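Undergrad: Here you go, one structure.
The values are calculated or read from the model by the stated rules, or taken from the named source; none is laboratory data. Note that this is a predicted model, so its numbers are computed, not measured. As a convention, Cβ positions derive from the backbone with ideal geometry for all residues, glycine included, and neighbour counts pool all protein chains shown. Note: areas computed on protein heavy atoms with side chains; ligands, DNA, RNA excluded. Shrake-Rupley method; radii C 1.70, N 1.55, O 1.52, S 1.80 Å.
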Amino acid sequence: MKRLRAWIGAVVLTIPLFMALGAEGVQAAPLTDVPLPLQSGADQLVRPGEQVSVSVGLQDAAGNGDRVFSEAFTADGRMRMNDPHVTAVMTISCTAAPGAYEVRIGSGGDRNPSEVTRLWGRVRVAPAEEAERAACARRVSELPPEPQEEHWPADVEWPASPWDVRSVRAGREMTVTDDLEMGGDGDVTLTSPVFTRPVVMYGAKKVSAVVRIRCDAKPGLYTVVWREKGKPSKVWARLRVEPAAPDCRDPAPTLADMVERTTPWLAAGICAAALAVGVRALKRRRRARPPLAS
């Protein structure tokens, strides 16, 4: 009985202490890692350093690459495709004064005075003490960079944008398509360190090509470079390579591949041979020329 009374007493004494610690923990709890959804037309209460998100369906007026901005944000957000939504994530500035701020959506690119924007909603920044703002600044400085990868629906031709990352197994093939008519028939060559060979894009209304991923390509994220005649090259697409099947084998080089690889060496050999013949002919002419009379 004495032990039971002692145990009950310990529990009774612990409850207020637990409640006090619990209340303190709530006040000092770190900000949530999941961005707070900001609904259209909402007037949302937020805290300095908190992250908010704007998300719309694929059929909404907001498009991939559009900006979401507010004076309360540390930086503009970018709408990025993440099937089945287009989403932007923003961070509330640690120095934002308490009050209401508009959240607007504008077209992609830099802001300009004539840009047409639309009101999405508002955020109301809660008051914060100096110590909380200092802790906010430290936390925001440690946030990871905003992900730039986009995940488009599988039925959309790849690449829909330079950050439209699709996964492909090493040894497999992918079809690349340019729907924007940026390149002409036969004018564009695509290269990547994981392609078995560079490919040329062909087509009348739109250009496309089939690329094959090398069996020995290591898993990871890779770029695809666009090279068009008379223009500087650029990163045009990205893809993620997954491990190859155990029995993966690259196809044997075709005659066209062998000609393409040997042509530079053949041209260099022809030039060297022609130069040697010219030098020998010049020497013979010099030897056959009669000496000048003194």
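Undergrad: Within the range 195-236, which residues are of a type in the set (A, V, I, L, M), open to solvent by less than 70 Å² (accessible area, probe 1.4 Å) and assigned to a loop (DSSP other than H, G, I, E, B)? Reasoning before the result, please.
TA: Within the range 195-236, the first condition is being of a type in the set (A, V, I, L, M), and the residues that meet it are 199-201, 204, 207, 209-211, 213, 217, 221, 224-225, 235.
Those left that are additionally open to solvent by less than 70 Å² (accessible area, probe 1.4 Å): 199-201, 207, 209, 211, 213, 217, 224-225, 235.
The one that is of a type in the set (A, V, I, L, M), open to solvent by less than 70 Å² (accessible area, probe 1.4 Å) and assigned to a loop (DSSP other than H, G, I, E, B): 217.
Undergrad: Follow-up question, since we're still on this one. Name the single residue that is surrounded by the most Cβ atoms within 10 Å (Cβ to Cβ) among those in the range 133-155 being over 17 Å from the mean Cα position of the chain (by Cα) and assigned to a loop (DSSP other than H, G, I, E, B).
TA: First pass over the range 133-155, keeping only residues over 17 Å from the mean Cα position of the chain (by Cα): 133-143, 154-155.
If we keep only those that are assigned to a loop (DSSP other than H, G, I, E, B) as well, we get 142-143, 154-155.
Working: 142: 7, 143: 12, 154: 8, 155: 5.
Looking at the filtered set, the residue picked out is 143.
Undergrad: Quick check on my filter: what residues within the range 211-235 are within 16 Å of residue 183 (Cα to Cα) and not basic (Lys, Arg)?
TA: Restricting attention to the range 211-235, the residues satisfying the condition of being within 16 Å of residue 183 (Cα to Cα) are 224-235.
Passing the criteria: 224, 225, 226, 228, 230, 232, 233, 235.
Undergrad: Return the total of residues in the range 21-49 being modelled with pLDDT of 90 or more, open to solvent by 70 Å² or more (accessible area, probe 1.4 Å), part of a loop (DSSP other than H, G, I, E, B) and of a type in the set (A, V, I, L, M, F, W, C).
TA: 0
Undergrad: Restricting to the range 162-188, name every residue that is open to solvent by 20 Å² or more (accessible area, probe 1.4 Å), part of a loop (DSSP other than H, G, I, E, B) and on the phi < 0 side of the Ramachandran plot.
TA: Selection gives 162, 163, 172, 179, 180, 182, 184, 185, 187.
Undergrad: Which condition number in (1) more than 30 Å from residue 155 (Cβ to Cβ); (2) under 24 Å from the mean Cα position of the chain (by Cα) is the one that residue 114 fails?
TA: Tallying (1) more than 30 Å from residue 155 (Cβ to Cβ); (2) under 24 Å from the mean Cα position of the chain (by Cα), residue 114 fails exactly one: (2).
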